[in-house]
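The values are calculated or read from the model by the stated rules, or taken from the named source; none is laboratory data. Just so you know, these numbers come straight off a predicted model, no measurement behind them. Here Cβ is always computed from backbone atoms with ideal geometry, including for glycine, and neighbour counts include all displayed protein chains.
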Amino acid sequence: MLRRTFLYLSNQPHIFRFVRRNGMAKRFASRFVAGETLDTALDAVRQLNAKKIRASLDLLGESVRNEVEARSAGSDYLHMLDRIHETGLDANVSVKLTQMGLDISEELCVEIVHQILDRAHEYGTFVRLDMESSEYTERTLRLFEDRLYPNYPENVGIVLQSYLYRTQADVERAVQLKCRVRLCKGAYNEPATVAFPEKRDVDANYVRCMHQLIAQGHYPGIATHDPAIIGDVKRFVRSESIPVERFEFQMLYGIRRDVQEQLVREGFNMRVYVPFGTQWYPYLMRRLAERPANVAFITGNMVRELMAGRH
């Protein structure tokens, strides 16, 4: 019921127009989305960099409807890379293949992503291919391995999700390829035929994959806000004498800012994903719809951060 409600709200333009004019809604969204423009996003990155936190910019928007929209999104990412280079900020970018036209034509998608990777190569920076729902997992990984990574091994990486049964094998393949992986738990509402239904199994798979990536991978991104897993990472790298330069923690913009800053003080690398754009309302609704438990996750983290700031 709750999931259907969020999905319904995400597709109501009149509600979106109202919410965009509502000051309280915009203030809430601003906690998790760095405004509607590239300038506001770059300001957010500048503030993160001042705290020795790196960033990855994400222009909100997923599956596009036609070639014009796909090429427009590609141009936006070229402009993002130009501005990051011009300003000298410590940031890379994160793209969704459906935003680059994957659902329209794989050839169109590859052409647009090649343009982005050419620019990233020119600037010596990096592009992360975000992972979407499980229906895109195989297509994304095949396209990455066959058509993107061979020509841009230092400029493109992938995301793997520990709630999928297949992920352990995908981690082993990534280690063989020596490609960069961002490991997350996964946020989409997946069937039990492809994903672990129980949180404890998702967490256990995350830890197994995390150990392998830190020990054998190529600068993995350990994307988690889970304090138990963060503690496990610290114990693992100490016990295995793994330098902190071998990996980075990653978190979402606005989530556990206290922990982000504490990890930096402890000497760990930290990168924050910074979403921005006019599609912030559908973005928030879809994230909540994917897993209604995210409501408790977001509010719980806000309360924990508030309480930590009082001590």
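So here's what we get for this one:
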read-out: Single residue of PRO227, PRO275, PRO243 found to be at pLDDT 90 or above and more than 26 Å from TYR163 (Cα to Cα); value: PRO243
read-out: The stretch 185-194, subset out of contact with any helix residue (DSSP H, G or I) (no Cβ under 7 Å at 6 or more places or on another chain) and at pLDDT 95 or above, residue surrounded by the fewest Cβ atoms within 10 Å (Cβ to Cβ); value: THR193
read-out: Which numbered condition ALA215 misses (of (1) over 29 Å from ASN155 (Cβ atoms); (2) out of contact with any strand residue (DSSP E or B) (no Cβ under 6 Å at 6 or more places or on another chain); (3) among the small types (Gly, Ala, Ser)); value: (1)
read-out: Residue match in the stretch 182-202 (condition: assigned to a strand (DSSP E or B) and over 21 Å from GLU135 (Cβ atoms)); value: no
read-out: Any hit, the stretch 66-81, residues being part of a strand (DSSP E or B), closer than 30 Å to ILE104 by Cα and touching a residue at least 12 places away in the same chain (Cβ under 8 Å); value: no
read-out: Residue in the stretch 265-283 that is closer than 14 Å to VAL181 by Cβ and either surrounded by 15 or more Cβ atoms within 10 Å (Cβ to Cβ) or of a type in the set (S, T, N, Q) (or both) present; value: yes
read-out: Residue list for the stretch 106-130, restricted to those being hydrophobic (A, V, I, L, M, F, W, C) and either more than 19 Å from the chain's Cα centre (by Cα) or over 23 Å from SER72 (Cβ atoms) (or both); value: LEU108, CYS109, VAL110, ILE112
read-out: Meets criteria (touching a Gly at 6+ places or on another chain (Cβ under 9 Å) and either closer than 19 Å to VAL272 by Cα or part of a helix (DSSP H, G or I) (or both)) for ALA174; value: yes
read-out: Condition met for THR167 (among the hydroxyl-bearing types (Ser, Thr, Tyr), without any contact (Cβ under 8 Å) to a residue 60 or more places away in the chain, touching a strand residue (DSSP E or B) at 6+ places or on another chain (Cβ under 8 Å) and within 21 Å of ALA70 (Cβ to Cβ)); value: no
read-out: Close pairs (8 angstrom Cβ cut-off, 6 or more residues apart or separate chains): more than 19 Å from ILE158 (Cα to Cα) in the stretch 85-96, in a loop (DSSP other than H, G, I, E, B) anywhere; value: HIS85/THR125
read-out: Pair list, Cβ < 9 Å and 6+ apart or interchain, from the stretch 22-37 residues that are on the phi > 0 side of the Ramachandran plot and part of a loop (DSSP other than H, G, I, E, B) to residues that are crowded, with 18+ Cβ neighbours inside 10 Å and modelled with pLDDT under 75; value: GLY35/TRP280
read-out: Residue under evaluation GLU154, criteria (1) of a type in the set (Asp, Glu); (2) out of contact with any strand residue (DSSP E or B) (no Cβ under 9 Å at 6 or more places or on another chain); (3) farther than 23 Å from PHE247 by Cα, criterion not met; value: (3)
read-out: Single residue of the stretch 120-130 satisfying the filter (in contact with a Leu (Cβ under 7 Å, 6 or more places away or on another chain) and crowded, with 20+ Cβ neighbours inside 10 Å) that is nearest to ALA195 (Cα to Cα); value: LEU129
read-out: Conditions (1) of a type outside the set (Lys, Arg); (2) surrounded by fewer than 16 Cβ atoms within 10 Å (Cβ to Cβ); (3) at pLDDT 95 or above; (4) within 13 Å of GLN279 (Cα to Cα); number of the one not met by PRO13; value: (3)
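Per-residue answers, yes or no, for (1) surrounded by 15 or more Cβ atoms within 10 Å (Cβ to Cβ); (2) of a type outside the set (S, T, N, Q):
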site: SER56; (1), (2): yes, no
site: MET100; (1), (2): yes, yes
site: ASP103; (1), (2): yes, yes
site: GLU107; (1), (2): no, yes
site: SER133; (1), (2): yes, no
site: ARG142; (1), (2): no, yes
site: GLU154; (1), (2): no, yes
site: VAL159; (1), (2): yes, yes
site: THR167; (1), (2): yes, no
